[in-house]
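Participant: This structure is in structure tokens; I'll ask about it shortly.
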Amino acid sequence: MSPDTSMLSVFERIICGELAADKLFEDDKCIVINDIHPQAPVHFLVIPKKKLVSLMDAKACDQALLGHLLVVAAQVAEQLGLKGYRLVANNGQSAGQTVMHLHFHVLGRKTLSEQGLI
């Protein structure tokens, strides 16, 4: 009998293989997928396999994992030929977080002025 996945977030369902995603990278700590609603020509998500709702839930024991996520973001950005990029983590619904599972957005090939941010 397979486990009930109805209460899992979309990212947890991708991690466990229930949902397909365009994976750019995966290891034992995280996955990297292309965003299905890109806000820039390059827009991918770095998602820890450990369930953390947001950075506000991270503890001292998560320090190595958080560092790993940032290193993976940089490595994937380099593999995609990004010379610069924006790294964003929305923390809480009031900050625009829509999936309650920590993830970093990496956006590239679009300047901040083109995004209306400067």
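Participant: Looking at the stretch 17-44, which of its residues are among the hydrophobic types (A, V, I, L, M, F, W, C) and not in a loop (DSSP other than H, G, I, E, B)?
Facilitator: 24, 25, 30, 31, 32, 33, 42, 44
Participant: Related question: Restricting attention to the stretch 85-105, does a residue exist that is surrounded by 17 or more Cβ atoms within 10 Å (Cβ to Cβ) and touching a His at 6+ places or on another chain (Cβ under 7 Å)?
Facilitator: yes
Participant: Filter the stretch 52-83 down to residues that are in a loop (DSSP other than H, G, I, E, B), modelled with pLDDT of 95 or more and open to solvent by 40 Å² or more (accessible area, probe 1.4 Å) and give me whichever is nearest to residue 9 (Cα to Cα).
Facilitator: Across the stretch 52-83, the extreme among qualifying residues is 53.
Participant: Next question, about the same structure. Out of contact with any Gly (no Cβ under 6 Å at 6 or more places or on another chain), under 27 Å from residue 7 (Cβ atoms) and in contact (Cβ under 8 Å) with a residue 24 or more places away in the chain, is that true of residue 62?
Facilitator: no
Participant: Can I ask one more? Against the condition surrounded by fewer than 16 Cβ atoms within 10 Å (Cβ to Cβ) and either more than 12 Å from the chain's Cα centre (by Cα) or on the phi < 0 side of the Ramachandran plot (or both), how does residue 19 come out, does it pass?
Facilitator: yes
Participant: Being open to solvent by less than 50 Å² (accessible area, probe 1.4 Å) and either of a type in the set (Lys, Arg) or in contact (Cβ under 8 Å) with a residue 24 or more places away in the chain (or both): is that true of residue 25 here?
Facilitator: Taking the combined requirement at face value, the residue does not satisfy it.
The values are calculated or read from the model by the stated rules, or taken from the named source; none is laboratory data. Every value quoted in this text rests on a predicted model; they were computed, and no experiment measured them. Ideal geometry is used to build each Cβ from the backbone, glycine not excepted, and the neighbour counts take in all protein chains shown. Remember, those area values only see protein heavy atoms, side chains included, never the ligands or the DNA or RNA. Shrake-Rupley method; radii C 1.70, N 1.55, O 1.52, S 1.80 Å.
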